[in-house]
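Here is the structure we will look at.
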Amino acid sequence: MMGTMASPLFNPEIESMICTVVLVMDLILVLLIIFFSFLAVKIDGRVNWAWATVWVPLWLIDVFLFYALGRFILSTSSDDDDDNDHDADDHDSGRRRRYQQHDEAMDDNNNSDGGLDEEGKRRQQERKTKQWMRWLTRGLFMVYFILALLFQIFIVIALDQIVSWSAAVIFIPYFILEGLNFLLTLTDYTITVIAIHQQLSLDAQGEQGGAGKVSFGVLASHGLSLLFHKFWFFALRLILFVLIAVRIDGTITCSWGVVFIPLYLVAVKYAVQLGLSYRRYNRLPQPEVAQQGKMTVIVGMVVFVVVGALLYALVGLVARRLDGVWPVSMATVFVPIFIVLAVVTCCCGCCLPCIMMVSTLGDLDDMEPAQALIDPNRRITQSGEN
């Protein structure tokens, strides 16, 4: 029994944490279903609620997120305390070593003091850098949350006609958020390009010897490929929301199907990517690797078709409803959303707990000693013989 390997889910702390996460996910999914139900009946004119009332499920989700984000940010202080404790332990151990060395030789003690001071300064600088990066990352999360909350508030007060802002003004928090995303992505892109240039220089030095020179064409090819992978989704998102804003303001009068073109381009991109991946695996000389890769791509295609059918059915229904061509109710328009949320809720509320329970029961069965059932008459006979 001591040699039995128990599942990590058998740990009470991990099990409690997983149950909490599953419960929170279920609550959020149920609140989303309620929100879209409220939204459908409000748009169809079946209720006369204020838009702030319709938004109540999202306000509750915002409360959950704010609590989780606050816990995440406040954990920075405990992380800093842990770093300080580690540094204090290192300092105490170094001081004890210096005292021991002092008894042996004064000269060696002075040299070790200088080395330990340099090591302490380096560790202190690393600790300050980690703290700064930690605070910066968690501060950005809070800024993102505040901007998303402001965007929701602007939408609600505009729909309730408390203010008479244009769509361009309502979308200001979103555009600021995308501006931050652009700066972060641009910084990441610049650092990656510099790393690629250094790697290409090292490769050129190894091939040519001496100071290797990187070809501009090779560097430009890598840079353009990286530029596309880093910024394609950002560009489509920005274009989509700009088109939505100008269409709401009446600056353009095209069909909503035209406004949603960036969404269609996302599907085109992933379809081309899956096709190229299948073609690449089909040309591999190793049959086993090629077969495994093609099966992975086929699974990805199936998921893409299912998700794409639900998503673009929703996009098409929304476009038809906004154009006024097809007087369909919003309950019908939101059917794809209800299907997805119901399936995900079922998976989180039923499948994950069942999997966790089966895993735990399997470990309990393994930990129990294997005992065979003995017939009662046989046990009595054995006891009489003894």
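The values are calculated or read from the model by the stated rules, or taken from the named source; none is laboratory data. From a predicted model like this one, the values you see are computed outputs, not experimental measurements. Quick reminder, even Gly has a Cβ in these numbers, built from the backbone with ideal geometry, and neighbours come from all protein chains shown.
The residue that is nearest to Y270 (Cα to Cα), among those in the range 287-303 that are under 26 Å from the mean Cα position of the chain (by Cα) and of a type in the set (G, A, S), is G300.
Against the conditions (1) free of Cβ contacts under 8 Å to residues at least 60 places away in the same chain; (2) under 30 Å from G70 (Cα atoms), S201 satisfies every one except (2). Taken together, the criteria exclude G257 from residues that are outside any helix (DSSP H, G or I) and within 30 Å of R321 (Cα to Cα). Here P262 meets each of (1) within 16 Å of L322 (Cα to Cα); (2) surrounded by 14 or more Cβ atoms within 10 Å (Cβ to Cβ) with one exception, condition (1).
Is there a residue in the range 27-43 that is farther than 26 Å from C346 by Cβ, modelled with pLDDT of 90 or more, outside the structural domain of Q131 (by TED's automatic domain parsing) and surrounded by 14 or more Cβ atoms within 10 Å (Cβ to Cβ)? Looking through the range 27-43, at least one residue is farther than 26 Å from C346 by Cβ, modelled with pLDDT of 90 or more, outside the structural domain of Q131 (by TED's automatic domain parsing) and surrounded by 14 or more Cβ atoms within 10 Å (Cβ to Cβ).
P262 passes every criterion in (1) assigned by TED's automatic domain parsing to the domain that holds T187; (2) modelled with pLDDT of 95 or more apart from (1). Applying the set (1) modelled with pLDDT of 90 or more; (2) not polar (S, T, N, Q); (3) not in a helix (DSSP H, G or I) to A309 leaves exactly one unmet item: (3). Give the number of residues within the range 14-26 that are more than 20 Å from the chain's Cα centre (by Cα) and surrounded by fewer than 16 Cβ atoms within 10 Å (Cβ to Cβ). Number satisfying all stated conditions: 2.
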